[in-house]
1. Given the -39500 (n - 2.57) contribution per DSSP H run of 4+ residues, what per-residue ellipticity at 222 nm results for the chain, rounded to the nearest 500 deg cm²/dmol?
2. Which whole-Hz couplings ³J(HN,Hα) result when phi for each residue of the range 23-39 is put into the Karplus expression 6.51 cos²θ - 1.76 cosθ + 1.60, θ = phi - 60°, listed in order with x for Gly and Pro?
3. Quick one: Karplus J couplings for the range 49-59, per residue in order, coefficients 6.51, -1.76, 1.60, θ = phi - 60°, nearest Hz, x for Gly and Pro?
4. Which of the following values of percent of Cα pairs over 15 Å apart was calculated from the structure shown: (1) 46; (2) 77; (3) 67?
5. On average, how much accessible surface per residue is there in the chain, in Å², for a 1.4 Å probe, leaving out ligands, DNA and RNA?
6. For an R0 of 25 angstrom, estimate the FRET efficiency from the Cβ-Cβ distance between Tyr31 and Ala54 and round to the nearest 0.05.
7. At a 1.4 Å probe, what is the % contribution of carbon and sulfur to the accessible area of the chain?
8. Let me check against my output: what whole-number percent is the relative contact order of the chain, with C-alpha pairs under 8 Å and at least 6 apart?
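The values are calculated or read from the model by the stated rules, or taken from the named source; none is laboratory data. Nothing here was measured: the structure is a model prediction, and the numbers come from that model. Please note: Cβ atoms are built from the backbone with ideal geometry, for glycine as well, and neighbour counts cover all protein chains shown. Please note that ligands, DNA and RNA were not included when accessible areas were found on the heavy atoms of the full protein model with its side chains. Shrake-Rupley method; radii C 1.70, N 1.55, O 1.52, S 1.80 Å.
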Amino acid sequence: MFPPEPDRAAQRAAWLVLALTGLAALAQYVYYNLEFLQLQGRYLYPGLIPFAIAVARGLDGWRRWLLGTE
């Protein structure tokens, strides 16, 4: 009924890619704001993807904990 549990090494690699994407977006934002006087939040848009996935994963963890479906 439920799909098989995914490979833990693949999960770690995916989280590492997401973390690096978030850090790269933050580094890009800091670089552009130190180099040029363009205080614009659009440089953070690439960082929204890993942030949204982390929030969704956290909410799913709370749902599992509250419902006892771990």
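1. Numbers: 2 runs with 51 residues, N = 70.
Calculated at 222 nm, the ellipticity per residue is -26000 deg cm²/dmol.
2. Result, rounded to whole Hz: 5, 5, 5, 5, 5, 4, 4, 5, 4, 5, 6, 7, 7, 10, 8, 9, 7.
3. Taking θ as phi minus 60°, the curve returns 5, x, 5, 5, 5, 5, 5, 4, 5, x, 5 Hz for the range 49-59.
4. Looking at percent of Cα pairs over 15 Å apart for this model, the match is (3).
5. Details: 6140 Å² over 70 residues.
Each residue of the chain exposes 88 Å² on average to a 1.4 Å probe.
6. Numbers: r = 23 Å, r/R0 = 0.91.
It comes out at approximately 0.65.
7. Numbers: 4230 of 6140 Å².
Result for the chain: 69 percent of the exposed heavy-atom area is carbon or sulfur.
8. Details: 25 pairs, mean separation 20.9, N = 70.
It rounds to 30 percent for the chain.
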